[in-house]
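I have placed the structure first, in the form of structure tokens, so that the comments after it can refer back to it.
Every number in this text was worked out from the coordinates using simple rules, so none of it is lab data. This one's a predicted model, so the numbers in the text were calculated from it and none came from an experiment. Positions of Cβ are backbone-derived with ideal geometry, glycine not excepted, and every protein chain shown enters the neighbour counts.
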Amino acid sequence: MYELRGITKQYKRGKETVHALAGVDLTIPDGDRLVIQGPTGGGKSTLLQMLGGLDRPTGGSIELDGTDLARLSETKLTNVRSENIGFVFQSFNLIPTLTAQENVETALVPLKVKVRERRERAAAALESVGLAERAGHLPAELSGGQQQRVAIARALVKQPKVLLADEPTGNLDESMRDEIMDVLDTMWKEHGLTFIMVTHDSALAKKAPRVATIRKGRITVKENANS
């Protein structure tokens, strides 16, 4: 479970001080499916980076299962990310010189998983997203939707507790968007993940149980009755 209390984030832009987050309080239970929305520059991606331990707040506490990510050393924070948090990004972030199989395996290297087990787990992860037959293909040989499936497999192969997605369908057409969301929703349900997604797509937000809206660094959360 996440417990955020008084999270602030400030940075300089020229002579101006930008308040990306202005006192965010938020509880995200285990197994939650939360969508984060808001205008460009409103703090959505900043909040997601805080949840993933990719950035530190200026003030406040951000606890994951009782551990304050804001106060961990870089080494311990890296370990938390490697073991507990999976990431899916809009741009896929696949290594172009590695096959789909090898890209998925990269998530297991920091965990010191042995080579044979890495291969077996990566193959199983690709099969779970419907790409078993494409394991030997390079990213350039895959469609955008297939590349995002590889990215999802890479995020989930380490069996994380949390899946964070930043505009995961932003580079896809509508039909592929729906296909990728079906994959993500299936993974959320089957693995009991805490699934948090940033998106501009209101159609996707309407399907989530909870939606957090950030405007000028402040957050409001509402329940979706029809989700």
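Put in order of Cβ neighbour count within 10 Å, fewest first, the listed residues 2, 11 become 11, 2. Applying the criteria of a DSSP loop state and at most 13 other Cβ atoms within 10 Å to the trypsin sites (Lys or Arg not before Pro) of the range 106-138 yields 112, 114. Placing +1 on each Lys and Arg Cβ and -1 on each Asp and Glu Cβ, with no other charges, gives the range 2-223 a dipole about its Cα centre of roughly 800 debye.
Charge tally around residue 195: other residues with Cβ under 9 Å, Lys/Arg +1 each, Asp/Glu -1 each, net -1.
Charge tally around residue 96: other residues with Cβ under 12 Å, Lys/Arg +1 each, Asp/Glu -1 each, net -2. For the chain, taking the reciprocal of the average inverse distance between every pair of different Cα atoms yields a Kirkwood hydrodynamic radius of 18.1 Å.
Take the alpha-carbon centre of the range 119-194, take the same for the range 1-59, and report the distance between them in whole Å. A separation of 25 Å, based on Cα centres. Structural size metrics of the range 99-227, computed from C-alpha coordinates, are Rg and Dmax of 15.9, 49 Å.
Return the calculated 222 nm mean residue ellipticity for the chain, to the nearest 500 deg cm²/dmol, obtained by summing -39500 (n - 2.57) across DSSP H runs with n ≥ 4 and dividing by the residue count.
On the way: 7 runs with 74 residues, N = 227.
So the calculated ellipticity at 222 nm is -9500 deg cm²/dmol.
In this structure, the amide hydrogen of residue 218, modeled 1.01 Å from its nitrogen in the peptide plane, lies closer than 5 angstrom to those of 22, counting only residues at least 5 positions away or on a different chain.
What percent does the relative contact order of the chain come to when contacts are Cα pairs within less than 8 Å and at least six residues apart? Rounded, it is 28 percent for the chain.
In order along the range 34-50, the phi-based Karplus estimate (6.51 cos²θ - 1.76 cosθ + 1.60, θ = phi - 60°) of 3J(HN,Hα) comes to 10, 9, 10, 10, x, x, 4, x, x, x, 4, 5, 4, 5, 4, 5, 5 Hz; Gly and Pro are listed as x.
Would you mind ranking 181, 50, 1 by Cβ crowding within 10 Å, fewest neighbours first?
Placing the least packed residue first, the sequence is 1, 181, 50.
Taking 0.36 nm per residue of separation and subtracting the Cα-Cα distance, full extension of the segment from residue 216 to residue 93 would add 41.4 nm. Across all Cα atoms of the range 79-133, the radius of gyration (one decimal) and Dmax (whole number) stand at 11.4, 32 Å.
Shown for the chain: lysine pairs separated by 8 or more places, or found on different chains, whose C-alpha atoms are under 18 Å apart, numbering 18. Scanning residues 5 or more positions from residue 34 or on other chains, those with amide H under 5 Å from its amide H are 195, 196, 197, with H placed 1.01 Å from N in the peptide plane.
Rounded to the nearest 0.05, the FRET efficiency derived from the C-beta distance between residue 141 and residue 11 at R0 = 30 Å is 0.15.
With θ taken as phi - 60° and the Karplus curve 6.51 cos²θ - 1.76 cosθ + 1.60 applied, the whole-hertz 3J(HN,Hα) list for the range 173-187 is 6, 4, 5, 6, 4, 5, 5, 5, 5, 4, 4, 5, 5, 5, 5 Hz, x standing for glycine and proline. A Gaussian network model of the chain, with springs between Cα atoms under 10 Å, assigns the largest mean-square fluctuation among 199, 17, 40 to 17. What is the antiparallel percent of DSSP beta bridges lying wholly in the range 2-223, to the nearest 5? DSSP beta bridges in the range 2-223 are roughly 55 percent antiparallel.
For a quick protection proxy, order the peptides 70-81, 150-161, 206-217 by their average other-Cβ count within 10 Å, most packed first. Spell out each step's value before the answer.
On the way: 70-81: 13.8, 150-161: 23.3, 206-217: 17.7.
In descending order of packing, they fall as 150-161, 206-217, 70-81.
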